[in-house]
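Okay, structure first, notes after.
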Amino acid sequence: MTVEGYEHLMRWYPTQWRERYGDEMAALLEDTYATASEVPLRQRVRLAWSGLGERARSAGLAGWSQSPDVRLRGGSLLVLSGWAFFVVAGAIFAKSADHWSTQSPPSGHWVATGGFNVVGAAAGAGSLIVLLAAVVVLPSFVRYVSSGGWREVSRPIVVALTAVLASAVLFVVLVAWAHSLNGHQRNGGLPIYGWFFVLVSLVFFAALACGTVAAVAVACRVELSHRMLQALGIMAIALVGVMALAVVSLVAWWASEALHAPGFLAQVIGNGMPFQSSVAPPTLLASGILMVFGLALGVSGLVRVVGSLGAGGGAVA
Amino acid sequence: MPRRTAPKGDLGRSNEPPVLILTSLAAGPKHGYALTKDIEEFAGVNLGPGTLYGAIARLEERGFIAPEPVGSDARRRPYRITGEGRVALEAAVREMRTLADVGASRLGIAGRVSAGGVPA
């Protein structure tokens, strides 16, 4: 194996790590596997795992030996990633529970109404917090771009903008098409419309994923003061609170509907999908699982943020 | 909120990479390959490159080891243990010694255990 081949195995590690230890590690691999034609697969997998771990550490997503600022940034980004899962879950829930109130009996309606409204309010509040965070980071982003940083972040941003544009165009087409169809056709009566809806949803989710990746790429690179990071940390705490509230409210809505309107959950939600005849239809399950996963990510970020908020800026205590 | 950062001198258990690396470097500076061979010889542990350099980076961050000036081969940089590293290793060795003493005492083999192990 050539020196370049050994160095290629270092690609899993972050750039700074490679600059500091890459040559030494490549030399160690060279010495260890001098007589072998290839580095064993198990060792390659271990290197990939260690490299990804170092990437997580350098981004402040794992480990506690970095400076509080790095941990604050990493914790806030974990919360933002959790929020992305929440947006997907919320979109699935909103579509699944469309017109639920007209198809549920009045008994126990107030719990379901309260739960549903709080989920909606939490979605609005969460979006506002994310928007506010973007506004806080914007001046630093502009400074970063004007000082020549565009090349480093151009790719994820261009990909995200393209995905958002594609998603918007498809959404407009979907809405225009929907206006020319009746209720039965829109709700499973016209299969081609159903498939197009799924396509638009997938493109929307892809756009959301690309947008989150671009936001993380930018937030990892721009220079943010300690005070700014503290402000972002506080917003992240608020966002996790909103996410927790949304999960509790979704559960309340779901439980109330299961008790008072099981027919709505069993026969209406997930119309046209398999395994629908229960109070836990697949779309709602998917939404719930995504929300819980997003909340788990958010809580892991919250732990890092709270553990770093009180500490000073740069130095490791 | 309790801090999750490990105490300054905490190196972990006896078979963990930081202890093994410091123990190896206590005998003199070594580069990556020499470290893995030495550790394999005295502890029977085979540290992979990712694990070894992950631990080296952490030990260097904490000031327990330092890189030596490179000679003709910049890709095989040796490391040495620092004063702080010696203090941390000493604390770890004391802790292991205490544990070994308690174990030997409870097994009824206290006094028969030497630095080289239990005599036959």
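Things worth noting here:
- Condition broken by A:Glu38, with the remaining ones in (1) in a helix (DSSP H, G or I); (2) more than 12 Å from every other protein chain (Cβ to nearest Cβ) satisfied: (1)
- For the range A:58-103, residues that are in contact with a Gly (Cβ under 9 Å, 6 or more places away or on another chain) and among the acidic types (Asp, Glu) total 1.
- Tally of residues being of a type outside the set (A, V, I, L, M, F, W, C), modelled with pLDDT of 80 or more and either in a loop (DSSP other than H, G, I, E, B) or touching a Leu at 6+ places or on another chain (Cβ under 9 Å) (or both) across the range A:266-317: 8
- Residue satisfying all of: in the range A:39-48; farther than 10 Å from B:Gly48 by Cβ and touching a residue at least 12 places away in the same chain (Cβ under 8 Å); surrounded by the most Cβ atoms within 10 Å (Cβ to Cβ) among these: A:Val39
- Within the range A:120-175, tally of residues that are of a type in the set (Lys, Arg) and modelled with pLDDT of 95 or more: 0
- Of all residues in the range B:25-66 being assigned to a loop (DSSP other than H, G, I, E, B) and either under 25 Å from A:Ala48 (Cα atoms) or in contact with a His (Cβ under 9 Å, 6 or more places away or on another chain) (or both), the one that is farthest from the other protein chains (Cβ to nearest Cβ): B:Gly44
- Considering the conditions (1) away from every other protein chain (no Cβ under 14 Å); (2) at positive phi; (3) at pLDDT 90 or above, B:Thr98 is excluded by exactly one of them, (2).
- Matching residues, the range A:174-193, being without any contact (Cβ under 8 Å) to a residue 12 or more places away in the chain and in a helix (DSSP H, G or I): A:Val175, A:Ala176, A:His179, A:Gly183, A:His184, A:Gln185, A:Arg186, A:Gly189, A:Pro191, A:Ile192
- Of all residues making up the range B:67-91, the number that are part of a strand (DSSP E or B) and either without any contact (Cβ under 8 Å) to a residue 40 or more places away in the chain or away from chain A (no Cβ under 11 Å) (or both): 3
- The selection criterion, being surrounded by fewer than 22 Cβ atoms within 10 Å (Cβ to Cβ) and either within 14 Å of another protein chain (Cβ to nearest Cβ) or part of a loop (DSSP other than H, G, I, E, B) (or both), does not hold for A:Arg71.
- Checking each residue in the range A:1-28 for being touching a residue at least 24 places away in the same chain (Cβ under 8 Å), closer than 24 Å to B:Asp73 by Cβ and within 10 Å of chain B (Cβ to nearest Cβ) picks out A:Val3, A:Tyr6, A:Leu9, A:Met10, A:Tyr13, A:Trp17.
The values are calculated or read from the model by the stated rules, or taken from the named source; none is laboratory data. Note that the structure is predicted; figures quoted are calculated from it, not measured. Glycine also receives a Cβ, built like all others from the backbone with ideal geometry; neighbour counts cover every protein chain displayed.
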